[in-house]
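In what follows, a structure is listed as structure tokens, so that the remarks can point back to it.
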Amino acid sequence: LTYTQSSNTWGCNTISGGTGGTIMRVSSNVSSTDNLNWADVTGLTFSVSPSINYSFSCELSYTTAVSTTALQLSINGPASPTAMRYTVQTGTTVTAMSNASQTAYNTVTNPATGGGATALPVRVAGTLENGSNSGTLAIRLRTEISASAVTVLRGSWCIFY
């Protein structure tokens, strides 16, 4: 984000060959009761081009069926990235956070427990140095415990740039 004083305007610049920022939002709650298979969070997917570097930052809210079921989050994208790194900060109670980092697609980054009926925050941020394949960068979810629902709430969002 840049500010141009002479015209009193704000704007987005191209970063590392990427595009200006694109904000994606969750328009309705996205739930999962599957603890084996990842599912894309509807609304939080972004098309990426070959040989371009991207960054992303997401602010999510979530609930779970019970406080002993954790939300599992990951990302997925095109095959054979040059590099990929991201962090996940998950609220486990209204006063506690769990921090995790990852360098692989479809890999668990969740706290041991957490959640419940009270909406809690999640922050996901990272970079994708895309290789020679085009495709889709996606925020993904699943539940820690089979048949125990986890839900990413509508209004959650990501900026991809």
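The values are calculated or read from the model by the stated rules, or taken from the named source; none is laboratory data. Because the structure is a prediction, the values reported are computed rather than measured. Every residue, glycine among them, receives a Cβ derived from its backbone with ideal geometry; neighbour counts consider all protein chains shown. Ligands, DNA and RNA are stripped out before the accessible areas are found, and what is left, the full protein with its side chains, is counted by its heavy atoms. Shrake-Rupley method; radii C 1.70, N 1.55, O 1.52, S 1.80 Å.
Remarks
- Spatial separation of Cα centroids for segment 23-77 and segment 111-149, in angstrom: 4 Å
- About the Cα centre, charge dipole magnitude for the chain (Lys/Arg +1, Asp/Glu -1 at Cβ), debye: 120 debye
- Residue list for segment 123-161, given a label point 7 angstrom along the Cα-to-Cβ vector of Ser67 and an amide N cut-off under 11 Å: none
- The percentage of C-alpha pairs in the chain whose separation is greater than 20 Å is 50%.
- Cα convex hull, segment 96-161: 133 Å³ per residue, rounded to a whole number.
- Note on Thr33 and Thr103: the extension gain reaches 22.7 nm, defined as 0.36 nm multiplied by sequence separation minus the Cα-Cα distance.
- Segment 53-122 shape via C-alpha gyration tensor axes, a/c threshold 1.5: prolate
- Looking at segment 38-161, the accessible area is 41 square angstrom per residue; that uses a 1.4 Å probe and ignores ligands, DNA and RNA.
- The chain - percent of accessible surface contributed by carbon and sulfur, probe 1.4 Å: 49 percent
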